[in-house]
1. Pick out the one residue from Leu140, Leu101 that is out of contact with any helix residue (DSSP H, G or I) (no Cβ under 6 Å at 6 or more places or on another chain) and buried (at least 19 other Cβ atoms within 10 Å of the Cβ).
2. Residues of the range 69-84 being aliphatic (A, V, I, L, M), surrounded by fewer than 19 Cβ atoms within 10 Å (Cβ to Cβ) and not in a strand (DSSP E or B), which ones?
3. Could you say which residue among Arg87, Arg136 is part of a strand (DSSP E or B), under 16 Å from the mean Cα position of the chain (by Cα), among the basic types (Lys, Arg) and over 18 Å from Ala32 (Cα atoms)?
4. Of the numbered conditions (1) hydrophobic (A, V, I, L, M, F, W, C); (2) buried (at least 17 other Cβ atoms within 10 Å of the Cβ); (3) within 16 Å of the chain's Cα centre (by Cα), Val66 satisfies every one except a single condition; which is it?
5. Among the residues of the range 54-68, is there at least one that is free of Cβ contacts under 8 Å to residues at least 24 places away in the same chain, over 23 Å from Arg17 (Cβ atoms), touching a strand residue (DSSP E or B) at 6+ places or on another chain (Cβ under 8 Å) and of a type in the set (A, V, I, L, M, F, W, C)?
6. Which pairs do you get when a residue that is under 12 Å from Glu39 (Cα atoms) and of a type outside the set (Phe, Trp, Tyr), found in the range 94-118, comes within reach of a residue that is modelled with pLDDT under 95 and in a strand (DSSP E or B), reach meaning Cβ atoms under 6 angstrom, with the pair 6+ apart or on two chains?
Amino acid sequence: MDPVGGRGQFRFSASLRVRYRDTDGQGVVHHATFFVFAEVARHEYWAHLGISRFVMAAEGVDDTAVEAQARYRAPAHFYDLLNVHVRTAALGRTSFVVEFLVTRGGAEEIIAEVRSAHVIVDLRTRRPIPLPEFFRRAVLQFEGPNCRTKD
């Protein structure tokens, strides 16, 4: 997995407190839990951008995850306060890529990097469709030139 980029490329973050149930038998956050943290933060990011899951569903569209990757850099433990930095790294015709940088503490120690790819689908047919214009516009307005576009 290529690195997701430096902290300066991320303009949004959500804070999450590690719950006891997020940890494994070794007392650290279970590796799969970072995908849950990323999904929670992505929804907060979308809310910040004004992208509503309810509007998307009412218009008959949704996103489907097609790929997820993670690189673990340091352990996180019960009750750690983590910052999950989020950015849309790329927009395609029917797809988009989201990157996450999970950090801890004021020094922003890097805990994990996560990347996920999603495809916009028609809810009726479950087939890929072009990104809704409101979605594309909201992302590009917020991310600016940091978001690659592939048309």
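1. Details: Leu140 fails: buried (at least 19 other Cβ atoms within 10 Å of the Cβ).
After applying the criteria, what remains is Leu101.
2. Within the range 69-84, just Ala74 meets the criteria.
3. Numbers: Arg136 fails: part of a strand (DSSP E or B).
Answer to the selection: Arg87.
4. (2)
5. No: zero hits.
6. none
Each row is one residue, and each column tells you yes or no for (1) under 19 Å from Phe96 (Cα atoms); (2) among the charged types (D, E, K, R).
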residue: Gly8; (1), (2): no, no
residue: Arg17; (1), (2): no, yes
residue: Gln26; (1), (2): no, no
residue: Phe34; (1), (2): no, no
residue: Tyr45; (1), (2): yes, no
residue: Ala58; (1), (2): no, no
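The values are calculated or read from the model by the stated rules, or taken from the named source; none is laboratory data. Nothing here was measured: the structure is a model prediction, and the numbers come from that model. Please note: Cβ atoms are built from the backbone with ideal geometry, for glycine as well, and neighbour counts cover all protein chains shown.
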